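Novice: Just passing along the structure, written as structure tokens.
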Amino acid sequence: MKLNKRYTRNIKANLPFYVSASVLTMVTLLMFYLFYIAGTGINRYGDEFFEKYKREDATFTTYKEIPDEEIEKLEQKYSVTLEKERFAGVDEGGHRVRVFCPNEKIDLYEIQDGRDINSDDEILISAGYAVENGVKPGDVIRIKGKDYTVAGTFLRPDYLYMVENVSDDYKNVTTFFLCYMTPAEFEARFGGGSINNKVIYTEKTDEAAFRRAVNEDYFMSSYLSADGNMRITFVHEQADMFIMSSWFILVIFPLLTVALVCILLGRRIRAEQKLIGTLSAMGYERSKLMRHYSLYAVIPGVVGGLLTSVVALILARPFGSLGLADYEPMKPDFTLPVWVAIAGVVIPTAIYYAAAMLRVRKLLKADTVDLLSGKVGADAKSRKILSHRKTTVKRKFAVRQLLGSPGRSFVIFLGIFLGAMIVAFAFSFIDSVRAVGKEAHGEFGSFKYEYILNSLENGKPEDGEAMLALQYENERSSRFSLLGLDRDATLWNLVTVDGDKADLENGFYVSTLCEATFGVHKGDEFTFRSIATLEEETVKIDGVIKNGYQSYLLTSREKAAKIAGIDEKSYNAVLASKALDYKSDEVTEIISDKTYETQMENMMTAMGGLIYAFMIIGMIVCIAALYATINTMITENGHNISMLKVLGFEDRRIDSMILSSNHLLLIPGIVLGIAAAYGVMAWYCKEFVEVEHIIIPATLYPQSILYTALITLASYVISLLLLRRKIGKTDMIEALKDGRE
């Protein structure tokens, strides 16, 4: 007998299983390729773009402007490239514009569409805003009362992730954009404007000495390194997270298909144990039989892997572009390396093959006589379940099906569980992001606006409450804000997580985000350093205030000023319950009570397609897994189905008896899947605090739980409907001739 002749017959007989397993493999690999192509393409683009357009190493501001003639002296003395960047903020018709005078040495720009500016009546605008709002070269935009023609759109290396304020947690391309004017026009419209100092270090630079020198002569008010600038770091942080997720997916998701292969192939082999026993008695070596049956398991890996790799190679750019939702309209070169495409085929196939080999080996260890008699794995005990209980035949049959085949039941449960988990995770992500907008302002306080000023002021503002807000860092250059408030402050949240009011005159308090980021808790000592002098300061933490959206250390204004070495009556921020009349060149940042809600809505708009794609994937996983497993169950019950038909049972009643056992797995699968999704979301929110720069509250609303249950139930019903025809087509005569148990 030639074993090779059996391949075609076996594949035809078990085609639903191979199709389902191949679909599962394709879904897994599509997710892997999506994240891998996006991550590697973005990383490569970021490195090249940063180098070509002279990305800064740091941005800092000083309360005293550095004279132009001193710039070259500082560059030569400390081996740095230093440039003053002039900008101005403008509110125009519900939109906020940050207008720049073009740089010459640091953070240069690249034209995306159109051309560069040639006259004082032309401007360039940031590409993300242009795409979002449908602005094209040749359109007219009004800025500070004058109409300008848009010559083109641009990208720049320190704004590839378009965060309006450094304290924001998500991009804003709906109401905020950048703009370039000619130097002459900028001077005419804004005078000197506000100033950011940009610096690039070299290998010869003594960074600490440079920062101390600048602070000594010009008093550094803020310092933001490129490694702490979310507009810059997010490029690589999210790309690295994509790559990590891709390999995680490639290893974890095939486990479902491995379970299917092991259990279903094992049951198929058990059904053929008489033939295997005969072949073994005829002298076929066990190794040859193991290879023969294990090659069946290779089919889903090879077919699914090859089809997906071909599709990914052709559609690499559309795949990769799905990962660009958070960025400016970058144009990376997305490619799928051949070795990765090969790995996408080899790894799942190898896992399937190894799992099947082990399963076949275990079966072949049985005695040949037992194989010939069909006793290996015979399910005699299940016939006794509920044998002494008075209940319906339908219920007895369902329970025996469920408990008599634990492996098959587990795979059905796994399909329901994973489908529910993936769908619930998508809903949980949506709910958690929206919860940020709803909860953020309550954790900040009752103010409507927070104004960060360009200069230090003394005393108290005419309107609002004074606050001193200074930037500090730890030894790893991770930044936080040192905040100082007056004892009579009412607009900032001063309630600790213990329910007590913070005693600012006698203590120091950290936000929950600062606690999570720096690992410092109530009762601990917190050591940090000045961004200018790098001198260290140590304080004891007296409590924690719930705020997962801003990393800060809070105390009295006098204590904060003493640490900074400035006048105790100084302030540079104002909290207000209404909008205040500050000029654009007096303020560097404005935070409103709607800021975070707007940011989170923007996030959902940008990522909505990807999130809802996860729901579709969850449905596919659920349907494919259930279809393959229940199809096998129907095949194995061919004898019972035929007997029921002979006894006069209607097809609808037979359907109910055969398939009803799976209903018992539906509720546990959905409940545990939803619980697991919430747990995964909670883990994500905790582990990626430093990447997201925010504590996202893991949330899953009741309506989302209901939607998850309904979607999973719909997937389950679809798989059953697809299989009901098979029960109707079962040939009672042929099945009754089959002597299988």
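Novice: Around Glu536, what is the net charge, scoring Lys/Arg as +1 and Asp/Glu as -1 over all other residues with Cβ under 9 Å from its Cβ? Could you put the intermediate results ahead of the total?
Specialist: Numbers: positive: Arg529; negative: Glu475, Glu535, Glu537.
Residues close to Glu536 contribute a combined charge of -2.
Novice: Equivalent-ellipsoid semi-axes (√(5λ), Cα gyration tensor) for the range 448-592, whole Å, largest first? Each step should come with its number before you reach the end.
Specialist: Details: eigenvalues 111, 62, 40 Å².
The answer is 24, 18, 14 Å, longest axis first.
Novice: Nearest-5 percent of antiparallel DSSP beta bridges in the range 64-202?
Specialist: Working: 24 of 34 bridges.
Approximately 70 percent, going by the DSSP bridge assignments.
Novice: Over 18 Å between C-alpha atoms is what I'm after, so list which of Lys52/Lys204; Lys54/Lys198; Lys73/Lys204; Lys460/Lys569; Lys522/Lys562; Lys77/Lys204 land there.
Specialist: On the way: Lys52/Lys204 21 Å; Lys54/Lys198 11 Å; Lys73/Lys204 16 Å; Lys460/Lys569 8 Å; Lys522/Lys562 22 Å; Lys77/Lys204 10 Å.
Distance filter (> 18 Å) returns Lys52/Lys204; Lys522/Lys562.
Novice: Another question, if that's okay. Sort Val99, Val539 so the one with the fewest other Cβ atoms within 10 Å of its own Cβ comes first.
Specialist: Working: Val99 23, Val539 19.
Fewest to most other Cβ atoms nearby, the residues stand as Val539, Val99.
Novice: Same structure again: For the range 201-218, what does the Karplus curve 6.51 cos²θ - 1.76 cosθ + 1.60, with θ = phi - 60°, yield as ³J(HN,Hα) per residue in whole Hz, taken in order and with x for Gly and Pro?
Specialist: Rounded to whole hertz, the list is 8, 10, 5, 8, 6, 9, 4, 4, 5, 5, 5, 5, 5, 5, 5, 5, 9, 10.
Novice: If you average the sequence gap of Cα pairs under 8 Å that are 6 or more apart and divide by the length of the range 448-592, what percent do you get for the contact order? Working shown, then result.
Specialist: Values: 316 pairs, mean separation 61.2, N = 145.
The value is 42 percent.
Novice: Report the local net charge at Asp581: Lys and Arg +1, Asp and Glu -1, summed over other residues whose C-beta lies under 13 Å from its C-beta. Write down the numbers at each step before the final one.
Specialist: Details: positive: Lys578, Lys583; negative: Asp91, Glu462, Asp463, Glu586.
Within the 13 Å Cβ shell, the charges total -2.
Novice: Between rounded, prolate and oblate, where does the range 45-123 land on the alpha carbon gyration tensor, with a ≥ b ≥ c its root eigenvalues, rounded for a/c under 1.5, else prolate if a/b exceeds b/c? Mind showing how you got there, number by number?
Specialist: Working: a/c = 1.98, a/b = 1.34, b/c = 1.48.
Here the range 45-123 falls in the oblate category.
Novice: Using θ = phi - 60° and the Karplus curve 6.51 cos²θ - 1.76 cosθ + 1.60, what whole-Hz ³J(HN,Hα) does each residue of the range 221-236 get, with Gly and Pro shown as x?
Specialist: Coupling constants for the range 221-236: 8, 7, 8, 10, 6, 4, 5, x, 9, 4, 5, 9, 5, 4, 4, 7 Hz.
Novice: Counting other Cβ atoms within 10 Å of each Cβ, which GluC sites (Glu not before Pro) in the range 426-481 have at most 12 and sit in a DSSP loop?
Specialist: Glu462, Glu475
Novice: Next question, about the same structure. Alpha carbons only, please: Rg and Dmax for the range 64-202, in angstrom.
Specialist: Values for the range 64-202 (Cα only, Rg and Dmax): 15.5, 47 Å.
Novice: Net charge around Lys77, counting only other residues with Cβ within less than 14 Å of its Cβ (Lys, Arg = +1; Asp, Glu = -1)?
Specialist: Working: positive: Lys73, Lys204, Arg211, Arg212; negative: Glu69, Glu70, Glu72, Glu75, Asp206, Glu207, Glu216, Asp217.
Computed value for this residue: -4.
Novice: Continuing with the same structure: Under a Cβ-only charge scheme (Lys and Arg +1, Asp and Glu -1), can you give me the dipole magnitude of the range 64-202 about the Cα centre, in debye to the nearest 20?
Specialist: Details: 17 positive and 27 negative charges, 37 e Å.
It comes to approximately 180 debye.
Novice: Also, I was wondering about something else. Fewest Cβ neighbours within 10 Å first, please rank His292, His663 accordingly. All intermediate terms of the calculation are to be shown ahead of the outcome.
Specialist: Values: His292 18, His663 13.
Ordered by Cβ neighbours within 10 Å, fewest first: His663, His292.
Novice: Sticking with this structure for a sec: Search the structure for amide H atoms under 5 Å from the amide H of Thr62, placed 1.01 Å from N in the peptide plane, and list their residues when 5 or more places away or on another chain.
Specialist: Result for Thr62 returns Ser221.
Novice: What whole number of Å gives the distance from the Cα centroid of the range 543-587 to the Cα centroid of the range 503-524?
Specialist: If we compute the Cα centre of each part, the gap is 16 Å.
Novice: Arranged by the count of other C-beta atoms within 10 angstrom, fewest first, what order do Trp339, Trp492, Trp247 take? Could the numbers behind the result be given before it?
Specialist: On the way: Trp339 9, Trp492 22, Trp247 15.
Result, fewest neighbours first: Trp339, Trp247, Trp492.
Novice: With contacts defined as alpha carbon pairs under 8 Å and 6 or more residues apart, what's the relative contact order of the range 64-202 in percent? Can you show the working numbers first?
Specialist: Working: 250 pairs, mean separation 48.3, N = 139.
For the range 64-202, the relative contact order is 35 percent.
Every number in this text was worked out from the coordinates using simple rules, so none of it is lab data. Source: prediction; values computed, not measured. Reconstructed Cβ throughout: ideal geometry from the backbone, glycine too, with neighbour counts over all protein chains shown.
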